Structure formats: C-alpha cells, structure tokens
Amino acid sequence: MLAWAIARFAFGRPEPIFAPLAAMSAIGVSLERRLRPSVEMVLGVAVGILVADALVAWLGRGAWQLGLVVALAMAAAVAVRGGPIVVLQASSTAVVIATLVPAGGDQAFAIGRFLDALVGGAVGLAVTVLLPANPLREVVRVSSPLLGGLADTLTTLATALRERDGELAGRAFAESHGLQVSVEQLAQTVVASHELAVLAPARWSARGTLGVLENALPYADAAVRDVRVLARQAQEALHRGDAIPPGLDAAIDECAVAARALQRAVDSGGDLATARAAAVRAAQAATEAMAHTAGMLAQTVAGQISAVAADVLYATGLTEQDVIHLLPDLPRPVSRRSRQVGD
C-alpha cells in the first residue's frame, strides 16, 4: 500500500504496479536472508525491468524477442551479483513486461517502471528495518533442531556402546555428518539476525542475547565435530573388539542430557545450570572410565567425551578458568575450538 501510494502520488505514476510487487519481493527475501542480498535483489529486478523495457521498445514482442529479453534480464541480474532468487525474479519480471506490456506507444519504454521498482524496493526494505521479524525467534527455530539432533545422536551412540553394536555406532556417525548442515544454517541465521537487530531500532533489545549466541556458535560447531570424531572412534573400537570400560555409555548419555537441557534453555530462555551440571557429570564419568582400561582407542573415546562436555560448557558462556574450576581432574579441559582460537 505504501509503495503504491508513494509511486502514485509522490512521483505521479498512473499505474505503479511494480512498486508493490518489488516491495513484497524485498520483504520476502529479507525474512530469510541478510539485508544486503535484499538490496541486490531490488537492484536486479529494477535493472531487469529497464533492460526488458528497452528491448521491447526496440524489438517489439514475439517468441525470439521474449527469449532475448529474458536472457539479457538474467545477465543483468548476474551482473549486479545477484543469486538465484535475484535471477529468477528479474527474469519473471521481464516475462511480464515482454508479454503483457504493449509494444507501441508511450507505454513501450517507460523509465517510470524502473522507478516503480526502486520505490517499492526501498519501501520494502524500510518496512523490514522498522517493523522487523523477531530475530531471536529465527535463531531458536534453527538452533533447536540442531541441539535436538545432537542429543539424539549422542543417545544413539550411547546405546551402541552399551549393546556393543557397531552398526548402530555407524548410524550415529552418519547422523553426526548430517548435523554439519544445520550448523552452517545456524551460522548464517545468527549473522543475519544480528545484522537485523543492529539496523532495526525495534529489535535493539535483542542485540545482547544475539551476541551471546554468536559467541556460543563456534563451540556448537566444535561439539558437532567432536561428536563426529567420537562416533568414528567408538565405531572403530567396536569393530576391533576393544574392551569398552563400564561407564562410557553413561558418560555419553550425560552429554545427551546436557545437549537436551541446552536445547530447552534456548527454546524458553531458561536456566543453563542443568546443561552445565550434566556436562560436568559426563566429563567426570569419562575420566573415571579411563582408569579402568588400558586400550588406546577406548582411552581416546573417553577423552573425546570430555571434549564434547567441554564444548557444551563453553557454549553456555563459561570461560576457560570456569571450566578448569568445574573439572579440576582434567589437565586442560578446553574444547578443540577454544584451543584453535586461543580463548
């Protein structure tokens, strides 16, 4: 409505149909992606309209003209570094112009349609910034399945050790690979949501929470990677027939409890104490289990469980000194990620 009214009354456009269309396209892209791709999408659509209008005015309408218009509109969208959505939107807009707009008269080539798209895109982006979606809800929507999947994988792995089932451990290993896609999606969502919270005054209050989640993201990534390593090591230990010390399955179960508690905390904004307590129990159980075996691979599995527990502790916002205080029996209880970044 705003886009149509501005184009109609402020710029004197008699039928500014592309203004509301561009506004809705900008809002649709902004809901799922960062604002910069939305800006590029608006520019791509506007350039596509300009190219299509020029070619229709010059070449008229027809089958081969339609193909040429669409091809050049797509090329123009790519030239402004647009992604698949930009190319699709620009080409579909070009189809509308090449097939429905009259080939002769003043309407054949109207710079106004280019202006309509810019006005509509600007209005759509402004509405996105002034009345944005809740960025925290988007992060929870993506992170909750990730943490739930991590807990499920750990539960499967604990069952595999308890039942000495190598095939079940292989299934847990496959599940851990699938979690990496969710980690990458979460990283994109956190960055986009933080960007929106910085730009949108109505969402400034969410910046602190998003900053905490952004800091926790590397450790969530490390937890997924460490669980994948843990699953592979457990699978090898079971296939080789290594002695599995008692308590390792319980330690992994505690890791699953910690991941599930972290999921509930993210979903409802609840207390992180349950997740931290479960992670500490997991690391302590793994340390006790290491005292009951001389097998190198089983020792490595136990050490990896402690690494996963440390990942969870760091993801809850604890520092290295906090983790050392909670787990004094471990010489340096830091996650693989924290060693990489030197925290």
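Key figures for this structure:
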read-out	value
Burial order of peptide ranges 164-171, 68-75 (average beta-carbon count within 10 Å, highest first)	68-75, 164-171
Per-residue SASA entry for Leu125, accessible area with 1.4 Å probe, Å² rounded to 10	30
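The values are calculated or read from the model by the stated rules, or taken from the named source; none is laboratory data. The structure displayed is predicted, hence computed values, not measured ones. Here the Cβ is made from the backbone with ideal geometry for all residues, glycine too, and neighbour counts use every protein chain on show. Just so you know, the surface numbers come from the protein's heavy atoms only, side chains and all, with ligands and any DNA or RNA stripped out. Shrake-Rupley method; radii C 1.70, N 1.55, O 1.52, S 1.80 Å.
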